[in-house]
Each structure stands twice: as structure tokens, then as C-alpha cells.
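Student: Submitted below is the structure of interest, expressed as C-alpha cells.
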Protein chains: 2
Amino acid sequence: MLRLFRPIFFVCGVLALIMTGLLLAPMIYGYLVGDPEYLAFLKSAIISLLFGALLIFWGRERRFRLTSRQLYLLTSMSWLQLSFVGALPLMLTGHPLTLSEAVFEAVSGITTTGSTVISGINTLPPSILLWRSLLQWVGGLGVIGMAVTILPFLRVGGMRLFQTESSDWSEKSLPRFHEMAHRLLFIYLMITLACGLCYWVAGMTPFDAVNHAMTTVSTGGYATDDASMGRFNDTILWIAVVFMMIGGMPFMLYIRFLSQRNWSVFADQQAKGFIAIVAFLIAILTLEQVVLDGEPLMRTLTQAAFNIVSIITTTGYASADYTLWGEFSIGLFFIATFIGGCSGSTSGGMKVFRFQLSYQFLADQMHKLVHPRSITSIRYNGKPIPDDIVASAVAFSFLFFIVLAATTLILTALGVEFITAFTGAITALTNVGPGLGDTIGPAGNFHTLPDTAKWLLSLAMILGRLELLTVMVLLSPVFWRG
Amino acid sequence: MLRLFRPIFFVCGVLALIMTGLLLAPMIYGYLVGDPEYLAFLKSAIISLLFGALLIFWGRERRFRLTSRQLYLLTSMSWLQLSFVGALPLMLTGHPLTLSEAVFEAVSGITTTGSTVISGINTLPPSILLWRSLLQWVGGLGVIGMAVTILPFLRVGGMRLFQTESSDWSEKSLPRFHEMAHRLLFIYLMITLACGLCYWVAGMTPFDAVNHAMTTVSTGGYATDDASMGRFNDTILWIAVVFMMIGGMPFMLYIRFLSQRNWSVFADQQAKGFIAIVAFLIAILTLEQVVLDGEPLMRTLTQAAFNIVSIITTTGYASADYTLWGEFSIGLFFIATFIGGCSGSTSGGMKVFRFQLSYQFLADQMHKLVHPRSITSIRYNGKPIPDDIVASAVAFSFLFFIVLAATTLILTALGVEFITAFTGAITALTNVGPGLGDTIGPAGNFHTLPDTAKWLLSLAMILGRLELLTVMVLLSPVFWRG
Ligand SMILES: [K+]
Ligand SMILES: [K+]
């Protein structure tokens with residue numbers, strides 16, 4: 001058993017050291033602006049440093065190889081560990097959160113969900129605000145890193161679709177992964193920087209610009225004010241639209257563009273499908289509001305674009321309470337919640353490629369209804385896709401709805417009102433952030449839910465972030481017998 | 001084109017003659033009890049007779065063979081035609097319904113959904129009440145007949161699972177189908193008779209017993225009073241539980257039992273799974289109510305059993321407004337709505353066998369995550385099932401949720417309030433009957449919805465009844481190019 005966990009301890013130790021480094025940012029900033037909470041970050045950094053050193057000491061090994069069982073364990077455990085280290089400073093501040101609240105807030109950060117248990121965000125100390133944004137930023141980086149390196153090798157939800165010929169998971173491919181990781185970090189930094197600069201030029205304070213840049217690119221959605229993005233001008237909203245879309249696209253395309261310098265890398269089926277869906281949803285919502293309700297065109301377009309992109313990229317910023325825009329917009333936003341962005345992006349949700357594969361599977365079935373003897377195969381990005389990958393992408397929606405049903409049911413058993421339970425489970429599993437209803441709607445927060453509900457929703461956010469099966473396999477006896 | 005439709009006209013003509021015969025029942029009964037509405041049925045019977053004769057004249061042919069394209073056309077067109085003939089007397093009475101209302105009511109009857117646009121059911125003339133029950137009864141018979149004869153030959157939603165070796169669709173198998181149809185009719189009549197007798201002995205009036213027997217066995221849910229089953233004693237509720245369960249089981253088992261006289265035919269994977277799910281849901285709901293809320297055991301068990309069985313068999317009777325039983329029961333009933341009964345029964349919903357196949361598919365995937373090179377196959381009732389049948393059963397849930405999303409969205413665009421739109425779409429597609437919320441909840445009705453919403457929901461009920469793809473294929477260009 002120790003042999004199984006040793007390399008996992010090692011990686012978790014390294015992650016703890018990275019978190020230690022990140023904790024220094026709010027500490028230093030807090031110290032410089034005279035925010036007394038900098039001490040909470042100092043303490044957390046020390047704990048995290050010791051914890052990381054201990055794990056590395058336990059886990060050190062001469063050769064470093066990972067079996068696929070260890071990859072599953074590693075994925076789940078590293079997110080758990082990031083969540084708990086992320087929760088530390090929130091429990092050590094002058095106005096400490098309880099354990100369940102702090103873990104919920106940290107999980108919501110690191111999974112880039114953006115649901116919050118804190119009201120009065122604008123009265124929070126700047127160091128805490130910065131920490132929440134940093135958690136989302138590093139969570140976004142982590143999920144892309146995981147999607148381009150580990151997930152294509154695991155048989156979960158059709159992710160093997162993204163296993164390129166040039167990639168395999170063995171010791172000899174480590175240098176290539178190193179290079180890819182460097183490029184990814186560079187691109188992610190550059191995009192964040194560009195986003196922050198645009199925000200600043202468009203009128204945000206430098207502090208707001210930094211925070212919102214981090215939570216935009218990571219499609220996280222934490223804001224620095226209870227009004228979310230509602231207090232900013234239209235230019236800022238359009239900047240957010242652009243960078244949320246960038247965050248919702250497959251980052252592999254940016255990595256390829258960096259090495260090939262060829263715009264043709266963006267001719268990707270998933271990216272094109274994503275843009276088409278977003279454009280379609282914005283168009284019908286704007287049309288409905290302008291034609292039927294007589295709203296002014298430009299203002300409506302801005303609000304529609306911002307809120308649709310915010311929901312479909314699973315960012316979860318709000319610029320207005322769209323539940324007041326009429327029944328059609330509630331229906332539309334409800335459906336957009338499930339779709340999500342592209343695989344290999346910072347977005348959550350069920351992901352565009354699964355809808356594309358499922359649609360193609362059904363179209364193929366439809367064809368075979370009429371021509372039973374025809375032999376066809378489903379192609380993605382021009383390449384034929386093995387049946388089992390298609391089937392596992394299609395089966396993801398079934399699994400998603402089963403997990404959603406179970407989460408909803410347990411929440412109602414804990415006494416949570418049905419609509420809050422149902423939309424809370426959806427928003428956690430899709431990593432969007434806000435739900436529907438008075439309690440957890442765009443204008444509410446998760447503070448009043450019972451503690452057990454917060455723990456359950458924390459688990460749901462991690463399940464959603466890790467494509468469900470990656471975590472669920474750890475609960476099956478066959479995994480541990482294996 | 002005429003050649004394509006000719007045999008379909010012929011079958012629809014025969015169905016119109018059968019409907020003519022059925023129309024005579026409320027006519028004669030109405031005449032005997034002095035109900036002036038008997039004239040509406042006389043007029044409808046004459047129209048239906050002429051219509052049927054015309055169709056048979058158009059469609060007559062020396063040889064009778066059906067291609068698979070014709071089977072698809074036949075399925076959809078026969079249900080459309082039954083709906084329109086069913087709507088006739090509702091528009092010819094002294095207090096006529098409008099076209100959209102009458103069609104909605106007839107579709108809701110013939111698809112055994114049981115949603116109604118009529119309030120004040122108890123003030124309806126007896127002939128109309130009898131007609132609503134008859135529509136459900138014949139709709140239930142029709143859906144079983146279709147499931148055991150036509151659907152296993154169509155490639156929709158994994159229904160080919162039920163294609164037995166001994167069955168194929170060619171002229172030489174017609175005598176066998178004839179025999180099966182006779183047996184089915186006999187069994188269906190016997191079960192209805194037994195149900196009616198039990199109801200009568202337990203205290204219903206003969207008229208109520210006949211009507212409720214027809215809408216229980218067909219899991220239709222039309223009642224003769226606005227209070228649905230709420231006004232009857234506990235014995236009657238338990239009788240209803242038993243016969244709704246009988247209606248939700250695969251009728252093929254009864255047909256086999258009739259010929260083999262061997263109880264082992266009931267050792268069917270779908271039947272056992274269905275009973276297990278129902279027992280589990282009743283147990284947790286009763287436990288929750290008794291332990292947490294301190295309700296009395298027997299009364300709670302009766303109410304839980306009746307309402308759970310009513311929803312999961314997609315009957316839709318209510319004995320109490322279960323939306324007042326707390327959040328957990330709302331969540332539980334919401335989830336039960338989707339499950340539905342067994343394939344080859346009168347129940348709607350997604351069907352138990354699809355959940356079983358999807359679960360087995362996921363368990364198999366889970367196993368392969370750990371043992372990638374293992375070769376396994378999914379078995380059902382002991383027999384290995386081809387991958388494409390499993391995949392199409394799994395894909396059904398994706399299709400279901402897409403159709404649900406589209407229906408909900410169009411309803412909201414028509415101005416229907418979101419929860420009404422969402423649960424109305426669910427209840428129509430699953431053929432359950434009542435939705436959630438003030439408008440269409442267990443205590444409400446569909447009268448106040450806009451006309452276009454009624455048409456859309458009528459279409460949704462037919463889509464749900466015919467397993468979606470059977471109808472949707474008619475909308476694809478490839479079908480007509482075929
Ligand atoms: K989010
Ligand atoms: K029903």
C-alpha cells in the first residue's frame with residue numbers, strides 16, 4: 001500500500017511547496033498595504049511548507065513511474081490537498097470561517113466554481129480577496145494541465161479522444177511534458193496579463209484588474225464585490241466576454257499555435273462548435289428581448305453576450321439578475337449551464353465535444369434506421385473515432401444525470417428546499433457558481449445551507465471538475481483489489 | 001409516394017373502424033342512462049366509420065408487406081389518427097372543447113398520459129368520462145401491442161434487445177403475430193376485469209370501478225373526480241398499487257406464462273429490477289416520513305406506496321398533494337418521474353431496462369479503467385448483448401434530455417413560467433400526467449396554458465410514447481430520400 005501511495009505523496013508535497021509560494025503573494029501584499037491578515041498567510045505558508053517537506057520526505061524514490069491506478073489516485077488526492085491548503089488562511093484570519101465554510105470556499109476556488117459562503121465581499125481584507133482569486137487562477141491552470149497530460153490516458157468520459165499519436169505516458173515522454181507545461185504556463189500568464197491590462201485601461205483599479213483577470217481567464221467567477229461585475233461599464237463587460245471565451249477554448253490550440261505559428265490550428269471542431277453555440281444563444285436571447293420586449297438593441301446585446309458567455313464558459317459572473325428577464329431567459333440560462341465550454345479549457349460543464357459526439361452518434365443511428373446495412377464511422381476533426389470512445393462520451397451524460405439526481409436527493413434529505421437543492425447540485429457539478437432561487441441565485445450565497453450540504457457540494461464540485469469517473473473509480477472495490 | 005402510404009392508409013382505416021366500435025360503448029351507455037351527449041358519440045361514430053371506409057378503399061392492396069420505412073410511418077400516423085378520432089366527440093358535445101383542447105385531451109388519453117384541460121371532472125356527463133377512460137385503455141393496449149410486435153424491429157433506443165429469435169417481421173410470421181395479439185387482448189381484458197371487480201368489491205360504484213379499472217391497468221391516470229383517488233379508502237389504494245404494478249411489468253411475461261404455465265417466466269431481469277427499485281423508493285420515503293417526521297407507520301406506508309407506484313408506473317393518480325410532504329419527497333417524486341416502468345408495459349418514462357444497461361455499461365467501463373486489457377461483454381437476462389444495442393440504449397438518455405431541453409425552451413418562449421414549462425415537458429415526455437407548481441401540479445390542470453403550448457405538449461406526449469426516435473426519424477431528410 002505504501003508503495004502505491006509513495007509517488008503520490010511526492011507530487012502532493014511538491015504541490016504543497018508551490019502553494020507555499022503562492023501564499024507569499026497575499027502575505028506580502030497584505031503587509032505592504034497594512035492589512036493585518038498578512039499573518040494568517042504567514043502561518044499558513046509555514047504549515048504548508050512543513051507539510052510539503054514531510055510529504056516529499058515520505059514519498060522520495062529513486063525512479064519515478066506512475067501506473068494508471070496511481071494516476072487516478074494522484075488526480076483526486078492532489079485536488080483534495082490543494083483544497084485543504086487553500087482553506088488554511090481562511091480559518092486563521094481575524095474573522096475565521098468554520099472548517100466546512102473554509103473548505104467549501106477553497107474547493108469552490110480551486111475548482112473554479114466560484115460559489116461563495118461569504119456575504120459582504122467588498123468588506124473583506126484585500127489579502128483574502130487576492131487569495132480567493134489566486135486559488136481560482138491556479139485551479140484553472142491545474143485543470144488544463146491535467147486535461148492535456150493525465151486525462152487523455154484515463155478511460156473517462158471519452159477523454160481518450162484527445163490522446164494524440166505523439167503523446168504517451170512513460171518516462172521517456174517526461175521531457176516533452178515538461179516542455180508542454182512550460183509553454184502552458186507561459187501562455188496562461190500572458191493571457192492573464194493581457195486581460196488585466198485591458199481591465200485596467202478600461203477603468204478598473206489595479207487591484208480589481210489583477211483579481212478579475214485571474215478569475216476571468218480561469219472562468220472562476222469570484223469577484224471583489226457583492227455586485228459581481230454589475231458595477232462596471234460596458235467596455236469592461238466586453239473585455240470579460242473576450243477573455244472568458246479565451247478561457248473556455250481548448251488551450252492545446254494555443255500551445256500548438258505557439259510552436260507552429262499557424263492560424264490553421266484554430267480550425268478545431270470543438271472550438272468552432274463552441275463559438276457557434278455561443279453565437280446562436282446570444283442571438284436568440286437578444287432577438288427575444290429586442291423584438292418581443294422592445295428592449296434597446298446595444299444594451300441588450302451587451303447584457304445577453306456577457307451573461308450567456310459567463311454561464312456557458314461556467315464563469316458565473318453576473319452583471320444583472322437575469323432571473324428577472326422573463327421565463328425564456330431563465331430556460332435558456334438553465335440549459336446553457338449544462339453545456340459548458342471545451343475540453344482542455346478552464347471551463348466546466350458537460351463539454352462541447354460530448355454534445356458533438358452524442359449528436360453525431362444519434363445522426364448515425366438515424367441514418368442506420370433507414371439504411372440498416374450501411375457501414376459508417378463517426379469522425380472527429382477528420383479522424384475516425386473508435387466506437388468505445390464515442391460510447392463512453394455518450395454515457396457521460398447518463399452518469400452526469402445519475403450523480404445529479406443522487407446529489408439533489410441527498411440535499412433535499414438534509415432539508416434543503418427542492419429548487420435550491422436541484423440547481424445547487426447542477427451549479428456545483430458543472431462548476432458554474434450561482435444557482436436559481438432566493439437562496440443561491442445570482443444575487444444570493446451558500447452561507448445559510450446546513451454544514452453537511454456544504455460538504456456534499458464541495459465533493460460535487462470536485463467530482464464535476466475531475467470528470468466524475470476519475471473520482472468515482474476510487475469508490476469501486478475492483479480498483480482496490482486490482 | 002402513394003405506394004409508400006397505401007398499406008398505412010389501410011391499417012389506419014382498420015383502426016378507424018375499431019374506434020367506431022369503441023365509440024358505440026359510451027353512446028349506448030349514455031342513451032341508457034339518459035345522458036343527452038350520446039348524440040355526440042353517434043355523430044363521431046358515423047364520421048369515423050366513413051373515414052375508415054375511405055382509408056381502406058384507398059389503401060386496399062392484394063399483397064400486404066411492410067418495409068421498415070413503412071413501419072416508422074405507420075407507428076406515428078396510427079397514433080395521430082387515433083388522437084384525432086378520439087378528439088371528435090369532445091368537440092361535438094353540448095359544452096364543446098376547442099380543437100387544441102380536444103386534441104390535447106385525446107392525445108393525453110391515447111398516450112396514457114392523463115394530463116387534463118378539464119376542471120370539474122365530477123360534473124362531466126358519464127358518456128364523456130367513459131370515453132376518456134376507454135381512450136386510455138385502448139392506448140395502453142396499443143402501446144404494448146406495438147412494443148411486442150413492431151418496436152423490436154426498429155433500431156430505436158435499444159428496443160432491439162427484445163427481438164427474440166423466434167420473431168421476425170415477414171409475411172410468414174403474421175399468423176404468429178395474430179395469435180400473440182389474441183393472447184395479449186385476452187390477458188389485458190382479464191386483468192382489467194379482475195381490477196374492476198376488486199374495486200367494486202372494495203366499495204367503488206360499478207361506474208367508478210369500470211372507469212378506474214381501465215385507467216389503472218393502462219397506467220393512464222384519468223379519474224372521475226377532481227380529487228383523483230383521494231376520496232377512496234385504503235383497500236382501494238392497495239388494489240390500485242397491485243394493478244398499477246401489473247400494468248408496469250412487461251406483458252410479454254404474461255403472454256409467455258399463458259402458454260408455458262410456468263412461474264419461472266417471471267424471473268426476468270427487468271421485472272426484478274423494477275420491483276427492487278419500487279420497493280427501495282417506498283421504503284426510504286416511508287422511513288423518512290416515519291422516523292424524521294413522526295408520521296404513523298401504516299397510513300404513511302399506504303400513502304407512500306400508492307403515490308410512488310403511481311408516479312413510477314407513470315399512472316399519475318394522486319391520493320394527496322405530495323408536494324406538501326417536504327423537500328425530500330418532492331426530490332424523490334421528481335426523480336421517480338424519469339425512471340418509468342418496464343419496456344413492453346403500459347408505462348412510459350425512460351424505462352427500467354435502459355437504466356440497467358447504462359449501469360452495466362458504466363460498471364464495465366469502471367472495470368476497464370483498472371484492467372484496460374480485459375475483454376468483457378454486457379449480459380442481459382443471461383445473454384450477451386451486442387455493443388450497438390447497449391450504446392443505443394445509453395444514448396437514449398442523451399436524446400431524452402435534448403428533447404426535454406428543447407421542449408422546455410419553446411414553452412418558456414411561449415410565456416409559460418419556467419417550473420411549469422420544465423415539469424410540464426417532463427410529464428408529457430414520460431407520459432406521467434401531473435407536473436410541479438401551482439398550474440399543473442397534482443392539484444392543477446393544463447387549461448390555462450396557451451394554445452400553442454397545448455399543441456407542443458401533445459406532440460411531446462406522442463414523442464415520449466413512441467420512444468422519441470421513431471417519430472424523429474420522420475423529420476430527417478435521409479428518411480424521405482431513403
Ligand atoms: K465558475
Ligand atoms: K399517466
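The values are calculated or read from the model by the stated rules, or taken from the named source; none is laboratory data. Just so we're clear, the structure is a prediction, and the values are computed from it rather than from any experiment. So basically every Cβ, Gly included, is an ideal-geometry build from the backbone, and we count neighbours across all protein chains shown.
Student: Hey, can you tell me all the residues within the range B:341-375 that are in a helix (DSSP H, G or I) and β-branched (Val, Ile, Thr)?
Tutor: B:Val352, B:Val370
Student: Would you check which residues across the range B:436-454 are within 13 Å of another protein chain (Cβ to nearest Cβ) and either within 16 Å of ligand 2 (Cβ to nearest atom) or among the basic types (Lys, Arg) (or both) and list them?
Tutor: Result: B:Leu436, B:Gly441.
Student: If B:Tyr317 satisfies every condition in (1) at pLDDT below 90; (2) over 21 Å from the mean Cα position of the chain (by Cα) but one, which is the exception?
Tutor: Among (1) at pLDDT below 90; (2) over 21 Å from the mean Cα position of the chain (by Cα), B:Tyr317 violates only (2).
Student: If you scan the range A:312-346, which residues turn out to be of a type outside the set (Phe, Trp, Tyr), over 25 Å from A:Ile144 (Cβ atoms) and in contact (Cβ under 8 Å) with a residue 60 or more places away in the chain?
Tutor: Within the range A:312-346, A:Ser319, A:Ala320, A:Asp321, A:Thr323, A:Ile330 meet the criteria.
Student: Looking at (1) in contact with a Leu (Cβ under 6 Å, 6 or more places away or on another chain); (2) buried (at least 20 other Cβ atoms within 10 Å of the Cβ), which is the only condition B:Lys43 fails?
Tutor: (2)
Student: Next question. Please work out if A:Thr337 is of a type in the set (Val, Ile, Thr) and surrounded by fewer than 24 Cβ atoms within 10 Å (Cβ to Cβ).
Tutor: Spelling it out, it is not the case that A:Thr337 is of a type in the set (Val, Ile, Thr) and surrounded by fewer than 24 Cβ atoms within 10 Å (Cβ to Cβ).
Student: Scanning the range A:291-320 for residues that are within 14 Å of another protein chain (Cβ to nearest Cβ) and more than 16 Å from ligand 1 (Cβ to nearest atom), which turns out nearest to A:Asp438 (Cα to Cα)?
Tutor: A:Asp293
Student: To continue, here is another question. Of the residues A:Phe280, A:Phe257, only one is within 14 Å of chain B (Cβ to nearest Cβ) and either among the hydroxyl-bearing types (Ser, Thr, Tyr) or more than 16 Å from ligand 1 (Cβ to nearest atom) (or both); which?
Tutor: After applying the criteria, what remains is A:Phe280.
Student: I've got another one for you. Out of the residues in the range B:213-229 that are among the hydrophobic types (A, V, I, L, M, F, W, C), within 16 Å of ligand 2 (Cβ to nearest atom) and out of contact with any Gly (no Cβ under 8 Å at 6 or more places or on another chain), state the one that is farthest from the other protein chains (Cβ to nearest Cβ).
Tutor: Out of the qualifying residues, it is B:Ala223.
Student: Yes or no: A:Ala40 over 26 Å from the mean Cα position of the chain (by Cα), in contact (Cβ under 8 Å) with a residue 60 or more places away in the chain and part of a helix (DSSP H, G or I)?
Tutor: yes
Student: Does A:Lys383 count as more than 7 Å from every other protein chain (Cβ to nearest Cβ), closer than 23 Å to A:Leu281 by Cα and either in contact with a Pro (Cβ under 7 Å, 6 or more places away or on another chain) or of a type in the set (D, E, K, R) (or both)?
Tutor: Details: more than 7 Å from every other protein chain (Cβ to nearest Cβ): yes; closer than 23 Å to A:Leu281 by Cα: no; either in contact with a Pro (Cβ under 7 Å, 6 or more places away or on another chain) or of a type in the set (D, E, K, R) (or both): yes.
It is false that A:Lys383 is more than 7 Å from every other protein chain (Cβ to nearest Cβ), closer than 23 Å to A:Leu281 by Cα and either in contact with a Pro (Cβ under 7 Å, 6 or more places away or on another chain) or of a type in the set (D, E, K, R) (or both).
Student: Would you confirm, using the coordinates I've provided, whether B:Ile402 is in contact (Cβ under 8 Å) with a residue 12 or more places away in the chain and more than 7 Å from chain A (Cβ to nearest Cβ)? Before the answer, list the steps.
Tutor: Values: in contact (Cβ under 8 Å) with a residue 12 or more places away in the chain: no; more than 7 Å from chain A (Cβ to nearest Cβ): yes.
Taking the combined requirement at face value, the residue does not satisfy it.
Student: Just the residues that are of a type in the set (Gly, Ala, Ser) and closer than 15 Å to B:Leu459 by Cα, please, taken from the range B:373-432.
Tutor: Once the filter is applied, which keeps residues that are of a type in the set (Gly, Ala, Ser) and closer than 15 Å to B:Leu459 by Cα, the range B:373-432 yields B:Ala405, B:Ala406, B:Ala421, B:Gly424, B:Ala425, B:Ala428.
Student: For the range A:63-85, does any single residue satisfy the condition of being under 25 Å from A:Asn431 (Cβ atoms) and β-branched (Val, Ile, Thr)?
Tutor: Yes, the range A:63-85 contains a residue that is under 25 Å from A:Asn431 (Cβ atoms) and β-branched (Val, Ile, Thr).
Student: Quick one: in the range B:61-90, which of the residues that are more than 24 Å from B:Leu23 (Cα to Cα) and more than 14 Å from chain A (Cβ to nearest Cβ) is surrounded by the most Cβ atoms within 10 Å (Cβ to Cβ)? Can you show your working first?
Tutor: Of the range B:61-90, the ones more than 24 Å from B:Leu23 (Cα to Cα) are B:61-73.
With the extra rule that they be more than 14 Å from chain A (Cβ to nearest Cβ), the set shrinks to B:61-66.
Values: B:Glu61: 11, B:Arg62: 4, B:Arg63: 6, B:Phe64: 13, B:Arg65: 11, B:Leu66: 18.
Among those residues, the one meeting the criterion is B:Leu66.
Student: Looking for whichever is hydrophobic (A, V, I, L, M, F, W, C) and either modelled with pLDDT under 90 or not in a helix (DSSP H, G or I) (or both) here; the options are A:Leu80, A:Leu22, A:Leu71. Which one fits?
Tutor: Every option except A:Leu71 fails the conditions.
Student: Checking B:Gly349 against (1) surrounded by 20 or more Cβ atoms within 10 Å (Cβ to Cβ); (2) on the phi < 0 side of the Ramachandran plot; (3) of a type outside the set (Asp, Glu): exactly one of these is not met. Which one?
Tutor: Status for B:Gly349: all satisfied but (2).
Student: For the range A:409-428, name all the residues that are closer than 30 Å to A:Leu71 by Cβ and either within 14 Å of chain B (Cβ to nearest Cβ) or surrounded by fewer than 21 Cβ atoms within 10 Å (Cβ to Cβ) (or both).
Tutor: From the range A:409-428, those closer than 30 Å to A:Leu71 by Cβ are A:410, A:425-428; that's our starting set.
Result: A:Ile410, A:Ala425, A:Ile426.
Student: Suppose we filter A:Ala405, A:Ala393, A:Ala428 for residues that are away from ligand 1 (no atom under 16 Å from the Cβ) and closer than 29 Å to B:Asp293 by Cβ; which single one remains?
Tutor: Checking each option against the conditions leaves just A:Ala405.
Student: Test A:Glu467 against the stated conditions and say whether it is within 14 Å of chain B (Cβ to nearest Cβ), under 17 Å from the mean Cα position of the chain (by Cα) and not β-branched (Val, Ile, Thr).
Tutor: In short, yes.
Student: Would you confirm whether or not the range A:230-240 contains a residue that is within 15 Å of ligand 1 (Cβ to nearest atom), within 18 Å of the chain's Cα centre (by Cα) and away from chain B (no Cβ under 14 Å)?
Tutor: yes
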